[in-house]
Amino acid sequence: PEYQLQSGVNVKFFAEFEGDLPIRWGLSPLAVDGQGKLQLLWNATAGQGGKKRVITAFSGAEAAKGLLALNDEELREQCLSELERLNPGLRSKLTDSWVKNWFQNPFTRGGYSCPAPGDVTTKWKKVRHGRSRLSFAGEFKSNTFSFMNGAIDSGISTAEQLMLIYAN
């Protein structure tokens, strides 16, 4: 608890297709669905070569809470149903799909960091500096928390910190 920052509740779903994406959203690479459990959808392979395409669907906060109790297969089915509702016939073109439910993962127990009131002023400094020979790396440690860039930045700074500690 002394070093634990609040994390966001979220789920990601990935749907893979061969060839062109069968999408009629008109907002590609981003679509927003305010009616279902999936909030943001995007073409994760936009601008990339190759024959495979992936749609990524994100659900967070209240919308994700309804998905957290589902096992991976139930979650996958729920997400496929949501995508099918948005684009009828989509499921028939699917080649693979998978989910990431970080909240149920025993090593992460949550998604990106989402500091609670007071976390930045009471816990963040402890997390950033570690304790003695204990160091942390992750987006939660960075000035750009909640983003992958923050994870990269903190990984570099933590590696530099460890090199200084163990250089002697």
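Identify all aspartates and glutamates with a Cα-Cα distance to K126 below 16 Å; exclude those on the same chain that are fewer than 8 residues away in sequence.
Cross-link targets: E2, E139.
Cross-link candidates for K52: which aspartates and glutamates have Cα within less than 20 Å, leaving aside residues fewer than 8 places away along the same chain?
E16, E18, D20, E84, D96
Among the DSSP beta bridges whose two residues both lie in the chain, what percent are antiparallel, rounded to the nearest 5?
For the chain, the DSSP antiparallel bridge percentage is about 100.
When only alpha-carbon atoms are used, what values of Rg and Dmax, in angstrom, describe the stretch 73-168?
Radius of gyration, then largest Cα-Cα span, for the stretch 73-168: 19.2, 63 Å.
When we measure straight from the Cα of K51, which lysines land under 24 angstrom away, once same-chain ones fewer than 8 places off are left out?
Counting by Cα, and skipping residues close in sequence, K51 has these lysines nearby: K12, K93, K100.
Work out the charge dipole of the chain with +1 on the Cβ of Lys and Arg and -1 on the Cβ of Asp and Glu about the Cα centre, then indicate which of W124, L164, A63 is farthest towards its positive end.
L164
Rolling a 1.4 angstrom probe over the protein heavy atoms, how many square angstrom per residue are accessible across the stretch 85-127? If you can, show how the numbers build up before the last one.
Numbers: 2810 Å² over 43 residues.
Using a 1.4 Å probe on heavy atoms only, each residue of the stretch 85-127 averages 65 Å².
Over all directions, how big on average is the projection of the convex hull of the alpha-carbon atoms in the chain, in square nanometres?
Value for the chain: 12.2 nm².
Just add up the charged neighbours of K100: K/R +1, D/E -1, any other residue whose Cβ is under 10 Å from the Cβ of K100.
So the surrounding residues net to 0.
How large, in percent, is the carbon and sulfur part of the accessible surface of the chain at a probe radius of 1.4 Å? Working shown, then result.
Numbers: 5770 of 10190 Å².
Accessible surface attributable to carbon and sulfur in the chain totals 57 percent.
The values are calculated or read from the model by the stated rules, or taken from the named source; none is laboratory data. Since the structure is predicted, the reported quantities are computational estimates derived from the model, not experimental observations. Note that we place each Cβ from the backbone using ideal geometry, even for glycine, and neighbour counts take in every protein chain shown. Protein only, heavy atoms only, side chains kept; ligands, DNA and RNA dropped before computing areas. Shrake-Rupley method; radii C 1.70, N 1.55, O 1.52, S 1.80 Å.
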